[in-house]
Amino acid sequence: MNRFLLAIFSLSLSFFTSFAQSVIPLPQKMMTCEGSVKVRKLKNVRYVTNAGMDSEAYRLDISKKGVTITSATDKGKYYAEQTLKQLAEDCPDGSIACMHIEDRPQYAYRGFMLDVSRHFFSVDELKKLIDVMARYKMNVFHWHLTDDHGWRAEIKKWPKLTTVGSVRQNSWDTDFHLDSLKSTETQKYYTGTTAYTGRQYGPYYYTQEEMKEIVRYCAERHIDVLPEVDMPGHFKAAMAAYPEFSCTPEAEHKVWTERWGVNDDVLNVGNQAAIDFAKDILDELCNIFPYPYIHIGGDECPTSAWEKNVMCQEKCQRLGLKHVRALQSDFIKEISDHVQKKGKRIICWNESVSAEGADLDLIRQTGATIFCWVGSKAAAKKTIGMGLNVVLSEIHAADGSYYINRRPSAEKGEPTGAGAGDDTVEKTYIYNPLPNGLDASQLKQVNGVQATFWTEWVSSNEYLEYLTLPKLICIAEAGWTAPSQKSWEDFRNRLMKQTKWLDENKYIYSRHWMKGYEPRK
Ligand code: ACM
């Protein structure tokens, strides 16, 4: 290449880099053109509909004449506006280069799961995180509404789920606070202590009107809400409310307080009245959440109570089951048939296909989407081999984790949390969630990726934001941008610029990944 061409080439490359630096997720194709436009002119937008485009795709043309957004749908238009907004925020001299962007997501499912059972967060706190999802083009809020430690969804037919199930007799307190309030350092130093307090926790739950309000808020931002009722395991709060549906109706049942983990007080799937109770719960939720999928959990369900229960044993015999675990597969199939009548498909955690003794034929018949979390790559390969689709959210592998509640650093002053403190922002960004060896058609069975947040150790909204951010943004980019375009150094530069928006909107975020960060002494 002669010197002249080299100069032109590096000039256009520097233009590209300079503009690409501001936008997250990085658009798939972005070309600068000759000339520049004043930022105030970007408000002059012409919208064009092109029904031939993919539903989430958009084109964005910025020229001296103004801005043109082309898309098939309002969703594509909304994503173009998010890109435009970020470009306009990053113009120190008040003008930006003319450019042409062609963009579409890598994956159809780009999710964020939040556990509101172990700790409860207000509607306003949820909305603040949903705003982050929207800005970074994530499209599913997976709301983990129930678990052993608290039932958080109002169900009108079964009121004790919330009057009893949303209260526990002890609370965990994350005392998370700013250690230094020097104006230049406000989010730099966090310290926290965590401990049980002996105080009652709750009643905390969302009314049906509040759940509808979250659905509305998300819909305005082109985000679907996926409700989860974790069953038949992680069901102790429901068993405290209605012990008659447990395997030991005469025993005392309490919302779990002693510790986090897996409890054997599960739904009695040998009792048809208990299964009908589960169906009633899902019926009400199906009417509140328009998303055509419903998550029915299925993870970490011990079989010890079923092994000792006469109704479960009789059902095993009646159905000729080879393994008590197949009771769970049968339950999943019955629930799937039920919600299908309401136009819904089920989603389950990966134990539904990977637990020993699961009846894979029954699960295959449901057409469930499987969320792969434990040994996620092996579970995904198995599921894909069964002909089902997957979403990837690894709990913790040597190379990384999409469980974003895990501590990002082990620095002095970090509150108690999950993990050893080595799940850094960089590691989250670099992690490749895909199993090796999938061919092109198998890759189509990967619906997408999800950031997952469990709140056992996280009772304060400040700590929730601190752990969520900026890892959520790393996973937003994994969901949208082609893997071949991803680079940690480039992402880090863009993320540095995004801190302006995070600061202006008063988000709390971890900082160990930032250039020039000095670890706490
Ligand atoms: C899970 O983390 N138990 C799905």
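The values are calculated or read from the model by the stated rules, or taken from the named source; none is laboratory data. Since the model is a prediction, treat every value here as computed from it, not as a measurement. Because the Cβ atoms are built from the backbone with ideal geometry, glycine has one as well, and the counts that use them run over all protein chains shown. In case anyone asks, the SASA skips ligands and DNA or RNA and just uses the protein heavy atoms, side chains included. Shrake-Rupley method; radii C 1.70, N 1.55, O 1.52, S 1.80 Å.
At a glance:
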read-out: Length gained when the stretch residue 46-residue 497 is fully extended (0.36 nm per residue, less Cα-Cα span); value: 159.6 nm
read-out: P(r) histogram, all alpha-carbon pairs of segment 47-121 included - 5 Å bins from 0, percent; value: 3, 14, 21, 18, 13, 10, 8, 6, 4, 2, 0
read-out: Residue-averaged [θ]222 nm for the chain, counting only DSSP H segments that reach four residues, each worth -39500 (n - 2.57); value: -10500 deg cm²/dmol
read-out: Per-residue ³J(HN,Hα) for segment 58-66, Karplus 6.51 cos²θ - 1.76 cosθ + 1.60, θ = phi - 60°, Hz, x for Gly and Pro; value: 8, 10, 10, 10, 10, 9, 4, 7, x
read-out: Extension gain from residue 31 to residue 251, taking 0.36 nm per residue of separation minus the Cα-Cα distance; value: 72.5 nm
read-out: Rounded tilt (10° steps) of 3-20 against the dominant C-alpha axis of the chain; value: 40 degrees
read-out: Size of electric dipole in segment 238-380: Cβ of Lys, Arg +1 and of Asp, Glu -1, about Cα centre, debye, nearest 20; value: 560 debye
read-out: The chain, accessible area per residue, ligands and nucleic acids excluded (1.4 Å, Å²); value: 41 Å²
read-out: Heavy atoms of residue 487: accessible area, 1.4 Å probe, square angstrom to 10; value: 50 Å²
read-out: Under the Karplus curve 6.51 cos²θ - 1.76 cosθ + 1.60, θ = phi - 60°, whole-Hz ³J(HN,Hα) for segment 466-480, x wherever Gly or Pro sits; value: 4, 7, 5, 10, x, 4, 4, 6, 4, 6, 4, 5, 4, x, 9
read-out: Cα-centred dipole magnitude for the chain, charges only on beta-carbon of K, R (+1) and D, E (-1), debye, nearest 20; value: 1860 debye
read-out: Gyration tensor verdict on segment 131-179 (Cα atoms; rounded if a/c is under 1.5, prolate if a/b is larger than b/c, oblate otherwise); value: oblate
read-out: Two-site label geometry, residue 65 and residue 441: point separation in nm, points 7 Å out along Cα→Cβ; value: 4.6 nm
read-out: Stretchable slack from residue 244 to residue 514, in nm (0.36 nm times residue separation minus alpha-carbon distance); value: 91.8 nm
read-out: Residue 306 accessible area, assembled protein chains, probe 1.4 Å, Å²; value: 0 Å²
read-out: Positive-end residue of 120, 88, 132, charge dipole of segment 79-136 with Cβ unit charges; value: 120
read-out: Amide N of segment 360-391 lying under 16 Å from the label point, which is placed 7 angstrom from the Cα of residue 397 along Cα→Cβ; value: 371-385, 390-391
read-out: For segment 279-408: rounded, prolate or oblate by the Cα gyration tensor [a/c cutoff 1.5]; value: oblate
read-out: Phi to ³J(HN,Hα) by Karplus 6.51 cos²θ - 1.76 cosθ + 1.60 over segment 405-411, Hz, x for Gly, Pro; value: 6, 6, 5, x, 7, 10, 4
read-out: Overall Cα dimensions of segment 375-521 - principal axes, largest extent first, Å; value: 50, 32, 25
read-out: Carbon plus sulfur fraction of accessible area for the chain, probe 1.4 Å, in percent; value: 52 percent
read-out: Stokes-Einstein translational diffusion, segment 93-142 - Kirkwood Rh over all Cα pairs, 1.306 mPa s, 10 °C, in µm²/s; value: 116 µm²/s
read-out: Volume of the Cα convex hull of the chain, divided per residue and given in Å³; value: 164 Å³
read-out: Euclidean distance of C-alpha centroids, segment 304-320 and segment 97-132, integer Å; value: 42 Å
read-out: Peptides ranked, highest mean first, by Cβ atoms within 10 Å: ranges 228-237, 70-79, 435-444; value: 228-237, 70-79, 435-444
read-out: Percent of beta bridges antiparallel (DSSP, the chain, rounded to nearest 5); value: 45 percent
read-out: Whole-angstrom gap from segment 22-83 to segment 418-438, using each part's C-alpha centre; value: 32 Å
read-out: Highest to lowest packing among 446-453, 206-213, 374-381, scored as the average C-beta count within 10 Å; value: 446-453, 374-381, 206-213
read-out: Spin-label model distance (nm) - residue 55 vs residue 220, 7 Å beyond Cα toward Cβ; value: 2.2 nm
read-out: For a label point 7 Å along the Cα-to-beta-carbon line of residue 488, residues of segment 389-421 with backbone N under 18 Å; value: 396-404, 406-411, 420-421
